[in-house]
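The values are calculated or read from the model by the stated rules, or taken from the named source; none is laboratory data. All values reported here derive from a predicted model rather than from experimental measurement. Reconstructed Cβ throughout: ideal geometry from the backbone, glycine too, with neighbour counts over all protein chains shown.
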Amino acid sequence: MIVKHIPARPAGRNATIERARHARNLVDYLRQPEKQSAEKDYQVAYMLREGLGDTKGERLFHIGARNFVSTDIAGQRAEMIAIAQMASRSPNPIDHWLLSWREGELPTPAEIDETVAMFLEHLGVDNQPCIYACHGDTDNRHVHLALNRYDPLSERMVEINDGFTREAAHQAIALIVDQFGWQAEADARYSVVNGRLVTAASAAAKRKEGRKPVSPKATAFENRTGYRSAQRIVQEDAVPRIKAARSWSDLHATLAEVGIRYDIVGTNGVTLTVDDERVKASSIDRAITRTQVEKRLGPFEPRSETIRDVPRNPLWIGVEKGPR
């Protein structure tokens, strides 16, 4: 399961109009995902860009709301807009969150409701107005949350986790995954051990070693398909070989054994190529950047033309992950 905080569409100059427009368009998209609109185009483009799959044909599975006076969706929509317009000091008081299950995980409406409740409670916004809807196709589902963080009583925006919003969100996902037995993302920041939240061992190791987490887009691809992303292949197959290399020729030869290239781009940039996909060395591990490798092996030496890449075994490209 993954979590994403989706930015709002670019706003115009009139903040009051834009606050109401964003609230209205987002809620309309949540309750009618099959209807064509500019908001849907934006959401589809965002999810495709982030590797969350083709959502053009998504449909509504379940919709719910919390902390409204109205009991019907039309009244709740009107309340959401009205409260958003009251937030005169905020350009956009509504947060848009996306929680996505792995392909084949099919939560029931009751489980969706409980998931949303747990998520909002951990973020400390369980008293705020929220409309949520589960979209997707038959095998791949995700829930959108339109959360209004403006509190009319205090006339202030509710801050989440002292500004460390994403950390709270990742913690909430760990608690939810533990509660229902769903699969966590491959690079989950947190896990639950004996009922307590702890930093995941893999995340702690990466922080200590200077390794960077796999990007959200790559993580989304892995969660959706069950296969390793190019970033993870570089992290798992290339990094150990680069660190163990005793010369540049050794580095190039050993990477060729797993079908990976190490190339200089520009002045100091480095890309590692897996099949047709390029990955920046700086996005994976500082230890494999040109500057750091040259400290061990001396000035960069290009790969010999006599070296041939070993064709990658399909299983190297992606190994389906079993239950964690």
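Among helices (runs of 4 or more DSSP H) entirely within the stretch 130-246, having at least 1 residues that are modelled with pLDDT under 85 and of a type in the set (A, V, I, L, M) singles out 201-209, 216-225. The set of residues in the stretch 115-126 that are touching a strand residue (DSSP E or B) at 6+ places or on another chain (Cβ under 8 Å) and either of a type in the set (D, E, K, R) or surrounded by fewer than 21 Cβ atoms within 10 Å (Cβ to Cβ) (or both) comprises ALA117, ASP126.
Of all positions in the stretch 300-316, none carries a residue that is in a helix (DSSP H, G or I) and farther than 30 Å from GLU103 by Cβ. Selection of the stretch 141-182 for residues being farther than 23 Å from TYR46 by Cβ and among the polar types (S, T, N, Q) yields SER154, ASN161, GLN171, GLN179. Taking every residue in the stretch 246-258 that is without any contact (Cβ under 8 Å) to a residue 40 or more places away in the chain and pairing it with any residue that is surrounded by 17 or more Cβ atoms within 10 Å (Cβ to Cβ), at least 6 positions away or on another chain, the pairs with Cβ-Cβ distances below 7 Å are THR254/ARG241; THR254/ALA245; LEU255/ALA238; LEU255/ARG241; LEU255/TYR262. Comparison of ILE176, ILE131, ILE112 shows that the only residue that is in the same structural domain as VAL44 (by TED's automatic domain parsing), crowded, with 19+ Cβ neighbours inside 10 Å, in contact with a Ser or Thr (Cβ under 8 Å, 6 or more places away or on another chain) and within 26 Å of PRO33 (Cα to Cα) is ILE176. Considering the stretch 59-109, and only residues there that are outside any helix (DSSP H, G or I), among the aliphatic types (A, V, I, L, M) and buried (at least 17 other Cβ atoms within 10 Å of the Cβ), the residue that is modelled with the lowest pLDDT turns out to be ALA87.
Residues checked against (1) under 19 Å from the mean Cα position of the chain (by Cα); (2) closer than 23 Å to ARG77 by Cβ; (3) of a type in the set (S, T, N, Q):
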| site | (1), (2), (3) |
| --- | --- |
| HIS122 | yes, no, no |
| GLN128 | no, yes, yes |
| GLY136 | yes, yes, no |
| PRO152 | no, yes, no |
| ARG166 | yes, no, no |
| ALA169 | yes, no, no |
| ILE173 | yes, no, no |
| ILE176 | yes, no, no |
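Considering each residue of the stretch 39-78, count those that are of a type in the set (A, V, I, L, M, F, W, C), closer than 21 Å to PRO216 by Cα and in contact with a His (Cβ under 9 Å, 6 or more places away or on another chain), and give that number. Qualifying residue count, the stretch 39-78: 2. Being among the β-branched types (Val, Ile, Thr), under 19 Å from PRO213 (Cβ atoms) and in a helix (DSSP H, G or I), is that true of even one residue in the stretch 286-294? Yes, that holds for at least one residue. Applying a threshold of 8 Å to beta carbon distances and a minimum spacing of six or more residues, or different chains, the list of pairs starting in the stretch 34-48 at a residue that is on the phi > 0 side of the Ramachandran plot and in contact (Cβ under 8 Å) with a residue 24 or more places away in the chain and ending at one that is buried (at least 17 other Cβ atoms within 10 Å of the Cβ) and among the basic types (Lys, Arg) is empty.
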